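**Q** A single structure is presented below for examination.
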Amino acid sequence: MSELYEKIYAIIRKIPRGKVATYGQIARLAGMGSHARLVGYSLHALTSEKRVPWHRVVGAGGKISLDGEGYAAQRKILESEGVEFNEKGNIPLARFGWVK
DNA sequence: CATATGACGTGAC
DNA sequence: AGTCACGCCATAT
């Protein structure tokens, strides 16, 4: 496993319960500038054994980047942690965004 | 080695 | 608010 992935996972594991972080934010914290796409790619390659709270990672503006079942599943988990969604179906980062 | 692809982000229309 | 195009780059084929 590449060291880059481990770094990304380590950062995601720091996200506190009830908060969410964006791909771009993670990319910056990992020192990869604005390569948010790679963060998403690494999460896609994630396995359950890593025990990474991938559900706390959302797209810019608090939008979930998954569709259909994926969206429903992630939303359900987040709501169970206390994260709320607005009428548009995304998360108000002003309140739930992770502040490092 | 050459292309295609994607759990993104941003800007144009 | 919805679509489309493009930059970015590690992986996959």
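The values are calculated or read from the model by the stated rules, or taken from the named source; none is laboratory data. Bear in mind that the values here come from a model prediction, so they are computed numbers and not experimental data. Methodologically, a virtual Cβ is constructed for each residue, glycine included, from the backbone with ideal geometry; neighbour enumeration extends over all protein chains shown.
**Q** Select from region A:82-96 the residues that are out of contact with any helix residue (DSSP H, G or I) (no Cβ under 6 Å at 6 or more places or on another chain) and either buried (at least 16 other Cβ atoms within 10 Å of the Cβ) or aromatic (Phe, Trp, Tyr) (or both) and list them in ascending order.
**A** Result: A:Phe85, A:Phe96.
**Q** When the residues of region A:25-45 are filtered to those that are assigned to a helix (DSSP H, G or I) and of a type in the set (A, V, I, L, M, F, W, C), which remaining residue is farthest from DNA strand C (Cβ to nearest atom)?
**A** A:Leu29
**Q** Continuing with this model, one more query. Quick one: in region A:76-100, of everything that is out of contact with any Gly (no Cβ under 9 Å at 6 or more places or on another chain), assigned to a loop (DSSP other than H, G, I, E, B) and modelled with pLDDT of 95 or more, which residue is nearest to DNA strand C (Cβ to nearest atom)?
**A** A:Glu84
**Q** Can you pull out every residue in region A:49-75 that is touching a residue at least 40 places away in the same chain (Cβ under 8 Å) and in a loop (DSSP other than H, G, I, E, B)?
**A** Those that are touching a residue at least 40 places away in the same chain (Cβ under 8 Å) and in a loop (DSSP other than H, G, I, E, B): A:Val52, A:Pro53, A:Ser65.
**Q** Just name the residue that is nearest to the chain's Cα centre (by Cα) out of those in region A:1-18 that are of a type outside the set (A, V, I, L, M) and part of a helix (DSSP H, G or I).
**A** A:Tyr9
**Q** Return the residue satisfying two criteria in turn: it lies in region A:19-57 and is more than 12 Å from the chain's Cα centre (by Cα), more than 7 Å from DNA strand B (Cβ to nearest atom) and surrounded by 12 or more Cβ atoms within 10 Å (Cβ to Cβ), and of such residues it is farthest from A:Phe85 (Cα to Cα).
**A** Among them, the one singled out is A:Met32.
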